[in-house]
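Asks: The following block contains the structure, expressed as structure tokens.
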Amino acid sequence: MDRTITITWILLVVLTIITSLFSGMNGINVSIFVIVLAGFKFLGVAFQFMELKKAHLFWKIIIFAYLILFVSIILIIL
Amino acid sequence: MNQKVINHKNVYYPPGGILIWIIILLELVTFGIALIAMIYEGKAEPDQFHDSRLSLNVTCGMINTVFLLTSGFFMALSVKEVNMKGKHGLKKYLPVTILFGSFFLLLKSWEYYEKIEAGLSMGHNTFFNYYWMLTLFHVIHVIVGLVILISVYLGLKKESTTIEDIEASAAFWHMCDLIWLLLFPLLYLFF
């Protein structure tokens, strides 16, 4: 099995469990924490599972810009 | 065996091909706009969104996230095998990928049944309108993804099935992961 992919999968599962532990909590800091962790997981899948790390810089910038814009708009609304 | 090296550093050949990446970007933008609209409306009705969010089953959502991530993990391993051994390398992990994708649909169906039984169907309130619209739209993508993966698996013996086809189907499947990774925290945990 590929080591990088396996480590990425373990990290993604651990981050998912950590995020779920915050389900009973409420507040703006929890919301920010949840969205930032989701952003890291998004990048993990895009760059490792989808092999975006091997792609041209253009595609990396597009996905990264999308995520930054999405998270920024949510934080502005908050 | 149809095997050739694809230079993914070329801007026109991202892993899976440029067409699937245009689709992925369009899907991400569509879901992104809907999620931002939901958060905007949630800001206007915070109590309703918080109470509704609490009636969702976070454990189901978490297990479903793990199912999709595990499915995506085996899909990524399948593509590695294909790159090393040719398209027949797909046989090793693709059935497991399909199995975990099916687990996601089974658990989601049970969750839908639970919500309908509790009277929390579409039209119950603004939060649940977004919940049903976004999750059903995602489920349709998962079903389409599974059909694509099954057809790729069944078509492995055909000469016309290429490594690019396999990479494109893998990219579509991972897109379902990406969308769910945004849906799960924003629907189940955010408000």
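Asks: First select every other residue whose beta carbon is under 13 angstrom from the beta carbon of residue B:45; then total the charges, Lys and Arg +1, Asp and Glu -1.
Replies: Values: positive: B:43, B:53; negative: B:41, B:47, B:51.
Summing Lys/Arg as +1 and Asp/Glu as -1 gives -1.
Asks: Accessible surface of residue B:62 in the full protein assembly, 1.4 angstrom probe, to the nearest 10 Å²?
Replies: That residue has around 40 Å² of solvent-accessible surface.
Asks: Where does helix B:163-188 land angle-wise versus the long Cα axis of chain B, in degrees 0 to 90, nearest 10?
Replies: Long axis of B:163-188 versus the principal axis of chain B: about 20 degrees.
Asks: Let me ask something else. Sort out for me the Cα centre separation of segment B:158-191 from segment A:1-62, rounded to whole Å.
Replies: 14 Å
Asks: With a 1.4 Å probe and every protein chain kept in, tell me what percent of the accessible surface of chain B is carbon plus sulfur. Intermediate results must be reported in sequence, preceding the final value.
Replies: Values: 5450 of 8080 Å².
The nonpolar share, carbon plus sulfur, comes to 67 percent.
Asks: Name the residues of segment A:49-63, by number, that are at least 40 Å² less accessible with every protein chain in place than in the isolated chain; the surface is that of heavy atoms, probe 1.4 Å, without ligands or nucleic acids.
Replies: With the partner chains in place, segment A:49-63 has these residues losing at least 40 Å²: A:49, A:50, A:51, A:54, A:56, A:59, A:63.
Asks: Can I ask one more? For the interface of A with B, what's the total buried accessible surface in square angstrom, probe 1.4 angstrom, rounded to the nearest hundred? All intermediate terms of the calculation are to be shown ahead of the outcome.
Replies: Details: alone 6020 and 10150 Å², together 11970 Å².
Chain pair A/B: roughly 4200 Å² of buried accessible area.
Asks: List the lysines whose Cα sits under 26 Å from the Cα of residue B:115, skipping any in the same chain fewer than 8 residues away.
Replies: B:43
Asks: With a 1.4 Å probe and all protein chains left in place, how much accessible area per residue does chain B have, in Å²?
Replies: Values: 8080 Å² over 191 residues.
Dividing the accessible area of chain B by its residue count gives 42 Å².
Asks: Hey, another quick one. Name the residue, out of B:78, B:52, B:151, whose mean-square fluctuation peaks in a Gaussian network model built on chain B with Cα pairs under 10 Å.
Replies: Top of the fluctuation ranking is B:151.
Asks: Mind listing the phi-derived Karplus ³J(HN,Hα) values for segment A:14-30, rounded to whole Hz, using 6.51, -1.76 and 1.60 with θ = phi - 60°, and x for any glycine or proline?
Replies: 4, 4, 5, 5, 4, 4, 5, 5, 8, 5, x, 9, 9, x, 5, 5, 5
Asks: Find the centroid of the Cα atoms in segment B:8-63 and in segment B:94-114, then give the distance between the two in whole Å.
Replies: What the calculation gives is 19 Å, centre to centre.
Asks: Right, something else. Give me the dipole magnitude in Debye, nearest 20, for the protein assembly as shown about the Cα centre, with unit charges on the beta carbon: positive for Lys and Arg, negative for Asp and Glu.
Replies: On the way: 18 positive and 16 negative charges, 212 e Å.
It comes to approximately 1020 debye.
Asks: On to the next question. Starting from segment B:152-185, pick out the GluC sites (Glu not before Pro) whose DSSP state is loop and whose Cβ has at most 12 other Cβ atoms within 10 Å. Present the calculation step by step, with values, prior to reporting the outcome.
Replies: Details: sites: B:159, B:164, B:167; in loops: B:159.
Listed in order of number, the matching sites are B:159.
The values are calculated or read from the model by the stated rules, or taken from the named source; none is laboratory data. In this text the structure is predicted, and so the values were computed from the model without any measurement. Backbone-built Cβ (ideal geometry, glycine too); neighbour counts: all protein chains shown. For accessibility, only protein heavy atoms count, side chains too; no ligands or nucleic acids. Shrake-Rupley method; radii C 1.70, N 1.55, O 1.52, S 1.80 Å.
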